[in-house]
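Worksheet for the structure shown next.
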């Protein structure tokens, strides 16, 4: 009798385990093929009409007198809502990494933005310490300055090479042990707003017009996914606020030096050129792919 | 003195030869003809494309009924035309996800002219603008306006009385159509038959 009861309990437990595994499998339904790029798209929401996965492979960001080439890929991913008058609101990536943080090397390193010669004695001594310990590399990381919902996408403008294709609120994080953890150009309250276009810009002087490019589109999955290669988004009419929080406790000494080194960062002195490969999918198609592959 | 006079004569002769060459080029411009006689006044060509499709890599759009109305004339010996109407019906795509919601020609009339490239006569249509709205919940182009713009050259076959548009004819006539900011393919076979004063007369271009 005892043996029989044990067997029943064991069988029930086994069945329960199987059911749990099945449920877990269903929750982890996965995207396959060309759809795998959209794993972090919030496609589960029926409000999401399109999924976007854009990789900026190269380009440059000029901030005042400093030019930082984009050498490490930066990914922008998420979904877009139904477009209103051509502009679609953005929904951030499900893993929270809407704009990936890819530290880019700042040419000239620490001495390029905090020159020893023009620094106060205390700063000079500290710089010497960092130089002696080979801590001279400075990275510049692009970060979202506002919630993803502030990003705006216009697919019509993107394709037509006119108007703003992507509005992106960003801030630039300057990283080096000497600069501390809070050295930023731009913030959530004072973001750098990039109005990126595939068309031609109209910047104030001294900048001159530059042109983006829609790129070459190819349809995949029978028109469910659009792959755009050689897409170039540009903006050289943006302004940037002064840097803040650089140098930790010596911020009051270091931040002004960096500000002086960057030079004028008002509109007409800055440039963003982003060279991208862009995948856009219909949200419904991604949902269907997910449902078909439990 | 004699040398100067010879030089002037030679220059004059060269000029005469050049003028003659240009005159030959001008007279060689193709014109619309009915029963081998040059068209005088205007005529209307009205018809429907036998086959027509537009392709962006990965997506082809076909229209079963591609009608057109073209008013033609010869101006200074060269065939000209004005495409005044081009309704498009029963358009589909090769994709299960995308259907054609609306499609229509914009900014009509479109000017056209006859031209010779190599040994072939072409009709070149300029200022082409066709707006397409694709539909389909799963279609990535849903909600996106696709506009086809540019110019297109089609080779004229006097025997079949047709104009053929394809990648080769567009390239040969130095024309191109663009959609989504990139060059697209357009294939079409258009009969060229008069529907006004010269009905059932053989239409040719030479």
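If the condition is being crowded, with 16+ Cβ neighbours inside 10 Å and touching a strand residue (DSSP E or B) at 6+ places or on another chain (Cβ under 9 Å), then region A:176-186 contributes A:176, A:183, A:184, A:185, A:186. Might you check whether a residue that is touching a residue at least 24 places away in the same chain (Cβ under 8 Å), within 14 Å of another protein chain (Cβ to nearest Cβ) and not in a strand (DSSP E or B) occurs anywhere in region A:187-198? Yes: one or more hits.
Please enumerate the residues belonging to region A:277-286 that are farther than 11 Å from residue A:37 by Cα and crowded, with 24+ Cβ neighbours inside 10 Å.
Correct list: A:282, A:283, A:285.
If the condition is being over 29 Å from residue A:225 (Cα atoms) and modelled with pLDDT of 95 or more, then region B:86-110 contributes B:107, B:108, B:109, B:110. Of everything listed in (1) in a loop (DSSP other than H, G, I, E, B); (2) touching a strand residue (DSSP E or B) at 6+ places or on another chain (Cβ under 7 Å); (3) over 30 Å from residue B:102 (Cβ atoms), the single unmet condition for residue B:199 is (2). If you filter region B:133-157 down to residues that are facing another protein chain (nearest Cβ under 7 Å) and buried (at least 18 other Cβ atoms within 10 Å of the Cβ), you find that the one that is modelled with the lowest pLDDT is B:143.
Looking only at residues in region A:44-54 that are part of a loop (DSSP other than H, G, I, E, B) and out of contact with any helix residue (DSSP H, G or I) (no Cβ under 7 Å at 6 or more places or on another chain), the one that is nearest to residue A:235 (Cα to Cα) is A:47. Residues considered: A:205, A:165, A:226. Of these, the only one that is surrounded by fewer than 18 Cβ atoms within 10 Å (Cβ to Cβ) and modelled with pLDDT of 95 or more is A:205. For region A:162-170, the condition of being in contact with a strand residue (DSSP E or B) (Cβ under 9 Å, 6 or more places away or on another chain), in a loop (DSSP other than H, G, I, E, B) and within 22 Å of residue A:269 (Cβ to Cβ) holds for at least one residue. Can you work out which of the residues in region A:55-85 that are within 14 Å of another protein chain (Cβ to nearest Cβ) and either touching a residue at least 24 places away in the same chain (Cβ under 8 Å) or over 24 Å from residue A:235 (Cα atoms) (or both) is surrounded by the fewest Cβ atoms within 10 Å (Cβ to Cβ)? Per the stated criteria, the residue is A:82. Within the bounds of region B:117-129, is there any residue that is within 18 Å of the chain's Cα centre (by Cα), within 14 Å of chain A (Cβ to nearest Cβ) and in a strand (DSSP E or B)? Within region B:117-129 (the criterion being within 18 Å of the chain's Cα centre (by Cα), within 14 Å of chain A (Cβ to nearest Cβ) and in a strand (DSSP E or B)), the answer is yes, since at least one residue qualifies. Inspect region A:223-237 for any residue being facing chain B (nearest Cβ under 10 Å), over 22 Å from the mean Cα position of the chain (by Cα) and free of Cβ contacts under 8 Å to residues at least 60 places away in the same chain and give the result as yes or no. Yes, region A:223-237 contains at least one residue that is facing chain B (nearest Cβ under 10 Å), over 22 Å from the mean Cα position of the chain (by Cα) and free of Cβ contacts under 8 Å to residues at least 60 places away in the same chain. In region B:158-172, the residue that is farthest from the other protein chains (Cβ to nearest Cβ) out of those that are outside any strand (DSSP E or B) and surrounded by 22 or more Cβ atoms within 10 Å (Cβ to Cβ) is B:169.
Does residue A:158 meet the test of being on the phi < 0 side of the Ramachandran plot, buried (at least 23 other Cβ atoms within 10 Å of the Cβ), facing chain B (nearest Cβ under 10 Å) and not in a loop (DSSP other than H, G, I, E, B)?
yes
The values are calculated or read from the model by the stated rules, or taken from the named source; none is laboratory data. This one's a predicted model, so the numbers in the text were calculated from it and none came from an experiment. With ideal geometry, Cβ positions are generated from the backbone for all residues, glycine too; neighbour counts draw on all protein chains shown.
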